[in-house]
Amino acid sequence: MDNLDNLDSLERFHNIYVEEEARGYPLAMRVLEKFEAEAHIISDFREVPKPDGNEKNLILARHRGDILKRCPGTKAHIRCGYHVINQVVGCDVNCTYCILNYYVNAPGIVINVNLEDTLSHIDRTLKEHRKYIYRVGTGELTDSFYLDYLTGLAKTFVEFFADRDGAIFELKTKKVEIDSVLDLKHNGRTIISWSLNSGEMAGSEEAEAAPVAERLLAARRAQESGYWLGFHFDPIVHYNGWEEDYEETVRAIFDFVDPKKILWISLGTFRSPPSLFEIIKGRYPKSKIVTGESFPGDDGKLRYLKPLRVEMYKKLLSTLKKYGGDDLFVYLCMERKDVWGKVFDGVGEAPKNSVDLDRMFHKNLKRRWKIDGQS
Ligand code: SF4
């Protein structure tokens, strides 16, 4: 779908609100000129009333708080040291398990338009920590390509990071409309990652996302444009037949892309704060994700029991290696040290702690950049 086709979907926004202080930013002006409707001027986005029924508000605001946020991680679990930029908050994919379901009372989709502040903050941070390689992404509270036809943010960030040695930038998505970045000079400093699941779970929990095969076709196009690729199996769900179904997705990855262009693959079994569990049950009665047995961990989140998680990770890891080879860099998202130890026992390296995991990422990045002539 090209950018003009996407203009039809502007109608989805019933009201547009702009913070007084956000009006003058180029990104605000760029977005506003695409809409015919008059924008409501407000002093603070928290004033915006919750929309009625299926109506949707678009809010242009100034980012407050940390611009480059370390991924919060979770108590007693190994963190990977990832950093997130929340330039857009909100998404149209409506995955049943998404943390955005927590914000059911949010007044609308927010675009933080003070992009210049973000870029200069990142620039300063990278200069102050020259020996560190930041892993940075825009896909925590949105899909990295959501509203890209309005904002052009994917292109802006790819071009910004192309000239910076101290970072790798990740566009994380379940979408296939990635044309805006395909012809850019990225210098190997951007990785485009797709969240993947079994076909069964993609159908029931990610019904509004592109089907898995289409995501992989898009990944192949990204590879042809020289991008690094990433895949995130998260959440991995336990149900009857999960092993065969996930194996099918894993096999498909390597039918579509070259394992040498895969920079990382993450694995994370389904976990959820208890209240989100209840929200999912209420909002998505057909969801199959909350039917398995989960138990609270040290951080209060519900998870499968440890032996089951270990079994699921081991199975996925061996399947990935079977089809993609031993050289794949696979990591666990927000897992405990003992789980890491059991999963990688005899088949790979397990980090001692969060700092050690960061070191493993550095080593992997430097090695792959060097092989690709990008160091
Ligand atoms: S694509 Fe990501 S941000 Fe969007 S609804 Fe799904 S999990 Fe949430």
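The values are calculated or read from the model by the stated rules, or taken from the named source; none is laboratory data. Keep in mind the model is a prediction, meaning the values are calculated, not measured. Here the Cβ positions follow ideal geometry from the backbone for every residue, glycine too, while neighbour counts run over all protein chains shown.
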- Query: Which condition number in (1) over 28 Å from residue 369 (Cα atoms); (2) in contact with a helix residue (DSSP H, G or I) (Cβ under 6 Å, 6 or more places away or on another chain) is the one that residue 167 fails?
  - Reply: (1)
- Of the residues in region 129-148, those that are over 15 Å from the mean Cα position of the chain (by Cα) and either within 16 Å of the ligand (Cβ to nearest atom) or among the hydrophobic types (A, V, I, L, M, F, W, C) (or both) number 1
- Message: Cβ contacts < 6 Å: first residue among the aliphatic types (A, V, I, L, M), restricted to region 93-115; second residue in a loop (DSSP other than H, G, I, E, B) and more than 13 Å from the ligand (Cβ to nearest atom), any location; separation 6+ or different chain. Result?
- Response: 113/25
- Message: Here are the criteria: (1) within 23 Å of residue 273 (Cα to Cα); (2) over 12 Å from the mean Cα position of the chain (by Cα); (3) surrounded by fewer than 20 Cβ atoms within 10 Å (Cβ to Cβ). Tell me which single one residue 97 does not satisfy.
- Response: (3)
- Exclusive hit being assigned to a helix (DSSP H, G or I) and within 16 Å of the ligand (Cβ to nearest atom), set 202, 210: 202
- The one condition in (1) of a type outside the set (Phe, Trp, Tyr); (2) away from the ligand (no atom under 13 Å from the Cβ); (3) in contact with a helix residue (DSSP H, G or I) (Cβ under 7 Å, 6 or more places away or on another chain) that residue 179 fails to fulfil: (3)
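Listed here are the residues, each with its yes/no results for (1) out of contact with any Ser or Thr (no Cβ under 8 Å at 6 or more places or on another chain); (2) assigned to a strand (DSSP E or B).
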site	(1), (2)
234	no, yes
245	no, no
248	no, no
253	yes, no
280	no, no
- In region 199-231, the residues that are surrounded by fewer than 16 Cβ atoms within 10 Å (Cβ to Cβ), charged (D, E, K, R) and under 17 Å from the mean Cα position of the chain (by Cα): 208
- Of all the residues that make up region 70-91, how many are touching a residue at least 24 places away in the same chain (Cβ under 8 Å) and within 16 Å of the ligand (Cβ to nearest atom)? 10
- Task: For residues that are surrounded by fewer than 24 Cβ atoms within 10 Å (Cβ to Cβ) and touching a residue at least 60 places away in the same chain (Cβ under 8 Å), scanning just region 144-167, find the one that is nearest to residue 217 (Cα to Cα).
- Result: 149
- Note on the structure: Selection from region 35-56 of residues assigned to a loop (DSSP other than H, G, I, E, B) and at pLDDT 90 or above yields 39, 43, 44, 48
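The rows are residues; the columns are (1) on the phi < 0 side of the Ramachandran plot; (2) in contact with a helix residue (DSSP H, G or I) (Cβ under 7 Å, 6 or more places away or on another chain).
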site: 193; (1), (2): yes, no
site: 214; (1), (2): yes, no
site: 220; (1), (2): yes, yes
site: 226; (1), (2): no, no
site: 230; (1), (2): yes, no
- Message: Being assigned to a helix (DSSP H, G or I) and not aliphatic (A, V, I, L, M): is that true of residue 123 here?
- Response: yes
- Task: Please enumerate the residues belonging to region 92-128 that are away from the ligand (no atom under 13 Å from the Cβ) and of a type in the set (Asp, Glu).
- Result: 116, 117, 123, 128
